[in-house]
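Worksheet: one structure, shown below.
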Amino acid sequence: MNWLFSAMSYVWLFRQDWFRCNEHSAAESEATKWWLQGDNYESSIMSFVSTFQFINNGFVVNYGYLHRAKWYKNYTLLTVWAFLIAFISYMLLADPNQVGCAFRLNCGTSSALEGLGYGTPTWKIEPYNSPLGHNVIPQASRYKLWGYCLGNMAATNLWQIFVINGPVRRLLQKKKPLRRLKVKL
């Protein structure tokens, strides 16, 4: 399911007016600076989508099955999960800031940020390895992407609850029981 959501995020990205003509071109970036190859919209979108997925996957596998305590009793997991979701949500939804720039997400060079109408950053930003000079997602699109990521999380949780551990599993177990090998001792 996460693969489908990841692929569809690129379909969404390539339909955005602000993205067209700003696609990443390896010919326009310096290959020796491999750590800066992610200074583009494609990498930023996938970073946000996959980070939400990774955080949520830790939550999804906590549902367990027969021999585990209920997920809502795992206070440590719930606290860490909520903190991480809030942290990545802040990086996605906030205007360019020091936290996002540390991860090179929703950021850009000082001159690019000033050109976009943001103030002059007070922190050091290494030059971006792209002709555009930034990967700042427009604000309306940030909220759409955030909603998309939350929808991905909800769909994955519902799949785990109803299909993997729930009524669909029980129905399939009745219709096609597992044949077990009988071993004589």
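At a glance:
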item: Output for the range 149-164, where each listed residue is surrounded by 14 or more Cβ atoms within 10 Å (Cβ to Cβ) and of a type in the set (Phe, Trp, Tyr); result: Trp159
item: In the range 47-70, the residues that are over 22 Å from Arg104 (Cα atoms) and surrounded by fewer than 16 Cβ atoms within 10 Å (Cβ to Cβ); result: Asn57, Gly58, Val61, Tyr63, Gly64, Tyr65, Leu66, His67, Arg68, Ala69, Lys70
item: Output for the range 114-139, where each listed residue is under 19 Å from Phe14 (Cα atoms), modelled with pLDDT of 85 or more and open to solvent by less than 70 Å² (accessible area, probe 1.4 Å); result: His134, Asn135, Val136, Ile137, Pro138
item: Helices (runs of 4 or more DSSP H) within the range 36-146 that include 3 or more residues within 29 Å of Leu158 (Cβ to Cβ); result: 41-60, 75-93
item: Residue among Cys107, Cys21 that is at pLDDT below 95, in contact with a Pro (Cβ under 8 Å, 6 or more places away or on another chain) and more than 30 Å from Asn165 (Cβ to Cβ); result: Cys107
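The values are calculated or read from the model by the stated rules, or taken from the named source; none is laboratory data. Quick caveat, the model's predicted, so the values are computed rather than measured. When we count neighbours, we look across all protein chains shown, and the Cβ atoms used for this are built from the backbone with ideal geometry, even at glycine. We work out accessible area using only protein heavy atoms, side chains counted, and drop any ligands, DNA or RNA first. Shrake-Rupley method; radii C 1.70, N 1.55, O 1.52, S 1.80 Å.
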